1. Quantify how much of the Cα-Cα distance distribution of the range 59-208 extends past 26 Å, in percent.
2. Given A153, L231, T186, which one lies farthest toward the positive end of the charge dipole of the chain, if we put +1 on the Cβ of every Lys and Arg and -1 on the Cβ of every Asp and Glu?
3. How far apart, in nm, are the 7 Å Cα→Cβ label points at A227 and M1?
4. Which one, V203, N85, I134, is farthest towards the positive end of the dipole of the range 60-206 when Lys and Arg carry +1 and Asp and Glu -1 on their Cβ?
5. Expressed as a fraction of 2.2 N^0.38 Å, the rule-of-thumb size for a compact globular protein of N residues, what is the C-alpha radius of gyration of the range 80-152?
6. Ranked highest first by the average count of other Cβ atoms within 10 Å around their residues, in what order do 85-94, 166-175 fall?
7. Rounded to a whole number of µm²/s, how large is the Stokes-Einstein D of the range 148-219 at 20 °C and 1.002 mPa s, given Rh as the Kirkwood radius over C-alpha pairs?
8. Structure shown: which of K44/K75; K44/K249; K48/K194; K24/K194; K129/K155 lie over 30 Å apart, alpha-carbon to alpha-carbon?
Amino acid sequence: MKKTAFITGATSGIGRATALLLGKNGFRIIATGRRQERLDELKKELSKETEIHTLNFDVRDQKAVLNAIESLPEKWATIDLLINNAGNAHGLASIENGNMEDWEAMIDINVKGLLYVSQPIIQKMIGQKAGHIINIGSVAGKEAYPNGNVYCASKHAVDALNSSMRMDLNKYGIKVSQVAPGLVETEFSLVRFKGDEDRSKTVYEGYDALKAEDIADLILFMATRPAHVNLADVLIFPTAQAASTMVNKS
Ligand code: NDP
Ligand code: 8X3
């Protein structure tokens, strides 16, 4: 029987690539996000490969998150794999100039949203006596960088939650893992720079950035290890990157 993966932020970038790859490799997919047309497109594309159910909610809205999870039909009630991927950076500014709305968005989405989604699914996994959670952290959760302040703090929170969740859920046999990517070319910078395409392109110029599909590959590998193996925390960089602020550009 196919395992079911619940993926937040499946409308673009890493989440979408992961939904497609897992869907082609033996998983049924619950795909979530806010952009309905993207969810519809993904459903159309993936339906040829596997069963897919979509849920539209904003991870910041705890009631909406709970309602969406409770709305799952019986045949989607068991969730084997949760991929906590929804998230973004909003802005890149020195702390004295930071925009409060951007700060709230990053804390509400990257940290509180992850918690809102995780708890009801963890309760299901405890009932099932099995489950696997893969949290998408970042190199920004391992080392801070100038102007990254609140985004880095939000990803450091994911890093801490990943470790603590793994300890808390150890007694239930639930695996908890983190993928911490460096630079991946997605809509990430477009969101960070509020739709400024020229500025967002420069982030990925002069070297080969990771692609969303590279992260999806890693997630598939982690999700398909034998029951006794947990890749607990994996930092993944493009070859040109050695640290948050060190990229060998041509
Ligand atoms: P994208 O911008 O391409 O994707 C972000 C996804 O998150 C979208 O599907 C978006 O869906 C969803 N999302 C954002 N805000 C919300 C919200 N409030 N409620 C529900 N869903 C939301 O970026 P990436 O694929 O790059 O990012 C995915 C994850 O990877 C993030 O956690 C990011 O921090 C992390 N990451 C990215 C790196 C990179 O260099 N790209 C490196 C390290 C980590 P929608 O807008 O439809 O709601
Ligand atoms: C995304 C990578 O370096 O832009 O988390 O923070 S970075």
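Values in this text are rule-based calculations from the coordinates and carry no lab data. Since the structure is predicted, the reported quantities are computational estimates derived from the model, not experimental observations. FYI the Cβ positions are ideal-geometry reconstructions off the backbone, even for glycines, and counts take in every protein chain you see.
1. Numbers: 3514 of 11175 pairs.
When all Cα pairs of the range 59-208 are counted, 31 percent exceed 26 Å.
2. So the residue we want is L231.
3. So the two model labels end up 1.4 nm from each other.
4. I134
5. Details: Rg = 14.8 Å, N = 73, 2.2 N^0.38 = 11.2 Å.
Rounded to two decimals, the normalised Rg is 1.32.
6. Values: 85-94: 20.3, 166-175: 15.0.
Per-residue Cβ counts within 10 Å, averaged per peptide and sorted highest first, yield 85-94, 166-175.
7. Working: Rh = 14.4 Å.
For the chosen part, D equals 149 µm²/s.
8. Values: K44/K75 20 Å; K44/K249 38 Å; K48/K194 34 Å; K24/K194 33 Å; K129/K155 28 Å.
Over 30 Å Cα-Cα: K44/K249; K48/K194; K24/K194.
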